[in-house]
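Notes to accompany the following structure.
The values are calculated or read from the model by the stated rules, or taken from the named source; none is laboratory data. Remember, predicted model here, so these are calculated numbers, not experimental data. Reconstructed Cβ throughout: ideal geometry from the backbone, glycine too, with neighbour counts over all protein chains shown.
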């Protein structure tokens, strides 16, 4: 299992498995995948909640993602963070299409763009969704460069943004422990 995890997700996937960052999510413990030959048509109505955290995808329309695996099996997520969870959870299924909200579009809800062709900004002054570092997608690389000049962050490819999501997932248990300690009386 760990060899397959390394091959599919790189070293970040191994870190996730070893850190307990995903826990049961790396097991096939029930699937939220739905067969859908036309996932982009009415996707917010068909997939109103994130398959992994339950967040309202319409509220987080600017960060949502949609993945289609082999056999037209589809899952909608609120962010690249939960997309990373889906990809690890479904290691045995080939992802055939990955879509993510285009933050550079003024439309509401933001349209979905092909994630593997998008430019991402990791960090900067963008809304965070499910992790401490924002990972914001832009279909137009020029708009991404302009946004980076305005709000900071690092301009990266999809693969690098996904690696950042895996890294943040691996660090999540430590962050939760630290937050709990800070919230305890007398700390």
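Can you give me the number of residues within region 114-123 that are assigned to a strand (DSSP E or B) and either crowded, with 21+ Cβ neighbours inside 10 Å or under 12 Å from the mean Cα position of the chain (by Cα) (or both)? Final tally of qualifying residues: 4. With respect to residue 146, is the statement that it is without any contact (Cβ under 8 Å) to a residue 24 or more places away in the chain, surrounded by fewer than 20 Cβ atoms within 10 Å (Cβ to Cβ) and farther than 21 Å from residue 54 by Cα true? So residue 146 fits the description; yes. Yes or no: region 70-90 includes at least one residue that is at pLDDT 95 or above, on the phi > 0 side of the Ramachandran plot, surrounded by fewer than 22 Cβ atoms within 10 Å (Cβ to Cβ) and over 16 Å from the mean Cα position of the chain (by Cα). Looking for residues that are at pLDDT 95 or above, on the phi > 0 side of the Ramachandran plot, surrounded by fewer than 22 Cβ atoms within 10 Å (Cβ to Cβ) and over 16 Å from the mean Cα position of the chain (by Cα), one finds at least one in region 70-90, hence yes. Here residue 133 clears all of (1) touching a strand residue (DSSP E or B) at 6+ places or on another chain (Cβ under 7 Å); (2) closer than 18 Å to residue 64 by Cα; (3) outside any loop (DSSP other than H, G, I, E, B) except the condition numbered (3). Can you confirm whether region 109-124 contains a residue that is on the phi > 0 side of the Ramachandran plot, in contact with a helix residue (DSSP H, G or I) (Cβ under 6 Å, 6 or more places away or on another chain) and at pLDDT 95 or above? Yes: one or more hits.
Per this entry, residue 132 is counted among residues that are loosely packed, with under 14 Cβ neighbours inside 10 Å and under 14 Å from the mean Cα position of the chain (by Cα). Confirm whether residue 51 is in contact with a strand residue (DSSP E or B) (Cβ under 7 Å, 6 or more places away or on another chain), assigned to a loop (DSSP other than H, G, I, E, B), closer than 21 Å to residue 114 by Cα and at pLDDT 95 or above. The answer is yes for residue 51. Within region 39-46, the presence of at least one residue that is over 23 Å from residue 91 (Cβ atoms), surrounded by 18 or more Cβ atoms within 10 Å (Cβ to Cβ) and either in contact with a strand residue (DSSP E or B) (Cβ under 6 Å, 6 or more places away or on another chain) or at pLDDT 95 or above (or both) is confirmed.
Just wondering, is there one or more residues in region 158-173 that are outside any helix (DSSP H, G or I) and surrounded by 10 or more Cβ atoms within 10 Å (Cβ to Cβ)? Checking region 158-173: not a single residue is outside any helix (DSSP H, G or I) and surrounded by 10 or more Cβ atoms within 10 Å (Cβ to Cβ).
Only one entry in 142, 178 is part of a helix (DSSP H, G or I) and modelled with pLDDT under 95, namely 178. Filtered by the rule that a residue be modelled with pLDDT of 95 or more, more than 21 Å from residue 100 (Cα to Cα) and in contact with a helix residue (DSSP H, G or I) (Cβ under 6 Å, 6 or more places away or on another chain), region 150-174 gives no residues.
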